[in-house]
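Here, each number is a calculation from the coordinates, and none is a lab measurement. Keep in mind it's a predicted model, so treat the numbers as computed, not measured. Cβ placement follows ideal geometry from the backbone for every residue including glycine, while neighbour counts extend to all protein chains displayed.
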Amino acid sequence: MVLLEFSMSPLGKGESVGQYVSRSLEIVDRSGVDYRLNPMGTVLEGEWDDVLDVVRQCYERMKEDCSRISCTMKVDYRKGHRGRLSGKVAGVEKRLNKKLKT
């Protein structure tokens, strides 16, 4: 399974790009891939082809009316492990013996 964190936004569209980011989150939410939104991006959990397909769809949608796009991605593959979106956080909380802000 893969955890893929990505952030994608258009350049040259002003300071606030929420309308473009929101369109990507509609795609992410409809995809069926498990995800978590955070203030700086979105983390997807799934099979390699599935998570990359979600990012590709977001890119295709954004390029319809954006002539320049910035995208960063970070990938963590771990064979045979599922549920890491919540499990990684739970593991740290267990070690600290307290809940953290998520």
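When only the Cβ of Lys, Arg, Asp and Glu is charged (+1, +1, -1, -1), the dipole of the chain relative to its Cα centre reaches about 660 debye. Among the trypsin sites (Lys or Arg not before Pro) in the range 1-75, those placed in a DSSP loop whose Cβ has at most 11 other Cβ atoms within 10 Å are 68. Across all directions, the average flat footprint of the convex hull enclosing the Cα atoms of the chain is 7.2 nm².
Of the GluC sites (Glu not before Pro) in the range 1-34, the ones in a loop by DSSP (not H, G, I, E or B) with at most 14 other beta carbons within 10 Å are 15.
Of all lysines in the structure, those lying under 24 Å Cα to Cα from residue 13, and not within fewer than 8 positions of it along the same chain, are 63.
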